[in-house]
Amino acid sequence: MPAVQETVDQVRSIDVDQYKYGFFTEIESEKAPKGLTEDTIRFISAKKDEPEWMLEWRLEAFRRWQTMREPEWARVSYPPIAYQELYYYSAPKRKTALSIDDIDPEILKTYEKLGIPLRERDALLGIESGGAKVAVDAVFDSVSVATTFKEELAKAGVIFMPISEAIREYPDLVRKYLGSVVPVTDNFFATLNSAVFSDGSFVYVPKGVRCPMELSTYFRINERNTGQFERTLIIADEGAYVSYLEGCTAPQRDENQLHAAVVELVALADAEIKYSTVQNWYPGDSQGKGGIFNFVTKRGDCRGDRSKISWTQVETGSAITWKYPSCILRGDNSQGEFYSIAISNGRQQVDSGTKMIHLGKNTSSRIISKGIAAGYSDNTYRGLVSAHRKATNARNFTNCDSLLIGDKCGAHTVPYIESKNSSAHFEHEATTSKISEDQLFYCRQRGLDPEEATALIVNGFVKDVLQQLPMEFAVEAQKLIAVSLEGSVG
Amino acid sequence: MAMLDIDNLHAKIDGDEGQEILKGLSLKVNPGEVHAIMGPNGSGKSTLSYILAGKEDYEVTDGSVTLDGEDLLEMEIDERAAKGVFLAFQYPVEVPGVATMTFLRSALNAQRKKRGEAEISTPDFLRLVRDKAANLGISQDMLRRGVNVGFSGGEKKRAEILQMAILEPKLCILDETDSGLDIDALKVVSEGVNALRSPDRAMIVITHYQRLLNHIVPDFVHVMHKGRIVRSGGKELALELEANGYAEYQQDAA
């Protein structure tokens, strides 16, 4: 696999403290006043030209949020977040772009630098050079700046647009599904998001339609002291199929930044949603200064019979990750999958995992989690598998492996298993291992230097999960893994 | 100048206050020669192979080792590999999830790069592996499996020889390659090794038993005991050891 070689080259070319995406784009932006009050929410809602019901929904969430407390059960520690010192809305000053040519050239340049083509003709060139066609929605701070291939998708009946537009153009669909998987009251961060979310992607795939291309959203936090609160809602109607990928980066900054997103997936009967994430938010420097607080609620609802939702995540960034993409297996014979690679290095703290809630009959779920801890980092897998009393013949297989690199890091596995139905069949396997001196010696005796050897061993360790990613992203992810582990050996 | 020149080598386990394992070992190996090192368990044979390969658990306390006149002990493990030192492990290590094919290619390219050579092209690499693997009876399926994962004892040793054939080292060190092999596997492995004998390649074959040397016929046989070479001779020395055992040397020591 040539990607291994590329991985290795990449590792070598990057210094320990260098985060490739850490640049900042100089651009004039328009912000909501600092802090969070009902006025902030009215400001955001007015900016988005939202209908009254949406504003009410937000205000209700805000009132609720004020009564809630930040969760403390995760195995992470961080200083208190000054919610009144943050900006909750920041948008590039230029008017909303109608076509790609109206977008501020500085923003286009930013995405070019990140390797995300927003011009469709550039993306089409990618096809000739062997890449697959991917429709992209680009979110810059609080707003979506461009969505590509809209027309082609529309021909297939697929709706793919910023959620702020969907609220205006498809209010019935949005109203029906928004908050139906992650209720407004779900948890502290989800409730905060419900109050202040400014943009994100909306996808609707109609009955029986197989979405003709990969859909992708690229999130970029640019502005200082700004939280990003995106909201993604994906609905696959009966028999539909969609594969969706999100990527994330942020500039390198000394202060922490908050990212509290909510993602809701709804799969109706016989539908399938495949959701992949390559998360590479700025992780902070080697001393733990700066970095993104990634407090995200992601949940999929297998609402119809025989539906399927599959989460695949490669988590390499963020100072703190608090994230449990989950599946509610409501429909009979529905299936949930969670494939995860979580890598922590430096002072990063990861508390991530999944929940598989078996409600329907003959539901099955599969969890493959690979945690890799290096440096001084802490890496926790936290997972819940539960079977409701009506979930006859629920099946789960969990495999949770942790790999330690060095002796200053920690890996923890916290599985919760609850079964109220005696026919449920849950299996849990877990291993923790270290990259052994013998493995390193063996690889180096064959000519690989310590970093090449580590990259190779780690890529072997995560192979089962990488295989779940769409091909072109698997190569990206492989490179990212090597870069994240740079400087972890020796 | 000898290709490999080991002079008065003393070594102990790193950080250990205890006894030296190698106590003044000297050996010269020229290109084209095959040297067998025999000796009872605990005589320091495997330690010698690890020190030549650069394993970090040992400390050299005296003496020197040069490869083509360069100080071998100063080089990193992977640098030694790129200079042509290959160790066929007694217990090959598993690398789960990394296909044997991927591993071979990564290793070959890493070495070529260190030597300032271009990477091998995919068709050339596939051809190379196919040819060498067929001779050793290694199936495509085995090449797709993780390195040494689920391999039988014989498969592991054959895979080691395959790596050796692909990497084309200058100095091959075979550490107890015969251990755990039945007679058929021993034949296949020995044929593989013999095919690699050449005027510019040297081999050090470490073994406890003479039977391997019926198949890989050495130019020189050395008896190692208590960290030193106590006797050297031609291939007939191996037969003598087979007949009389190592008792003679162990008595000397007592």
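The values are calculated or read from the model by the stated rules, or taken from the named source; none is laboratory data. This structure is a prediction, so every number in the text was calculated from the model and none was measured. As a convention, Cβ positions derive from the backbone with ideal geometry for all residues, glycine included, and neighbour counts pool all protein chains shown. Areas reflect the complete protein model, heavy atoms only, side chains present, ligands, DNA and RNA absent. Shrake-Rupley method; radii C 1.70, N 1.55, O 1.52, S 1.80 Å.
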*Equivalent ellipsoid dimensions for region A:286-378 as semi-axes, Å, which come from the Cα gyration tensor, largest first*: 31, 11, 8
*Based on the Cα atoms of the protein assembly as shown, what semi-axes does the equivalent ellipsoid have, where each is the square root of 5 times one gyration tensor eigenvalue, given in whole Å with the largest first?*
59, 26, 24
*Against the longest principal axis of chain B, how steep is helix B:183-195, in degrees 0 to 90 to the nearest 10, with axes from Cα atoms?*
80 degrees
*May I ask you to find the residues of region B:66-85 that are shielded by at least 30 Å² of accessible area once the whole protein assembly is considered instead of their isolated chain (probe 1.4 Å)?*
B:Ile77, B:Asp78
*Excluding ligands, DNA and RNA, what is the solvent-accessible area per residue of the protein assembly as shown at a probe of 1.4 Å, expressed in Å²?*
39 Å²
*For A:Asp305, what accessible area in Å² do you get when you roll a 1.4 Å probe over the heavy atoms of the protein chains, rounding to the nearest 10?*
60 Å²
*Whenever you get a sec, compute what percent of the accessible area on the protein assembly as shown sits on carbon and sulfur atoms (1.4 Å probe).*
47 percent
*Using only Cα atoms, what is the ratio of the radius of gyration of region B:10-134 to 2.2 N^0.38 Å?*
1.25
*Just subtract the alpha-carbon distance of B:Arg197 and B:Lys235 from 0.36 nm times their residue separation and send over the number in nm, one decimal.*
12.1 nm
_Reduced Cα scattering model of region B:184-254, Debye log10 I(q)/I(0), q = 0.17, 0.25, 0.28 Å⁻¹_ = -0.69, -1.21, -1.37
_Which residues, if any, in region B:106-149 lose at least 50 square angstrom of accessible heavy-atom surface (probe 1.4 Å) when the other protein chains sit next to their chain rather than the chain being alone?_
B:Ser106, B:Lys113
*Treat each spin label as a single point 7 Å out from the Cα along the C-beta direction, and report the B:Glu168 to A:His425 distance in nm.*
5.4 nm
_Mean-square fluctuation check for chain B, GNM, Cα pairs under 10 Å: which of B:Ala110, B:Ala159, B:Ala11 is largest?_
B:Ala110
_Considering all alpha-carbon pairs of chain B, what whole percent are spaced by more than 34 angstrom?_
16 percent
*Compare B:Asn244, B:Asn135, B:Asn109 in a GNM of chain B, Cα atoms joined below 10 Å, and give the one with the largest fluctuation.*
B:Asn244
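Given N residues in region A:397-460, what is its alpha carbon radius of gyration divided by 2.2 N^0.38 Å?
Values: Rg = 17.0 Å, N = 64, 2.2 N^0.38 = 10.7 Å.
Dividing the Cα radius of gyration by 2.2 N^0.38 Å gives 1.59.
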_Net +/- balance of residues flanking B:Leu143 in space, Cβ distance below 15 Å, scoring K and R +1, D and E -1_ = +4
*Taking a probe of 1.4 Å and counting only protein heavy atoms, give the total accessible area buried between chains A and B in Å², rounded to the nearest 100.*
2400 Å²
*Read phi for every residue in region A:240-246 and hand back ³J(HN,Hα) as whole Hz from Karplus 6.51 cos²θ - 1.76 cosθ + 1.60, θ = phi - 60°, with x for Gly and Pro.*
8, 9, 8, 10, 10, 10, 10
*Just how much of A:Lys408 is accessible, in Å², when a 1.4 Å probe is used and the result is rounded to the nearest 10?*
120 Å²
*For the protein assembly as shown, with the dipole built from +1 on Lys and Arg beta-carbon atoms and -1 on Asp and Glu ones, taken about the Cα centre, which of B:Thr61, A:Thr321, A:Gly447 lies farthest toward the positive end?*
A:Thr321
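Compute the projected area of the convex hull of the Cα atoms of region A:363-424, averaged over all viewing directions, and report it in nm² to one decimal place.
4.0 nm²
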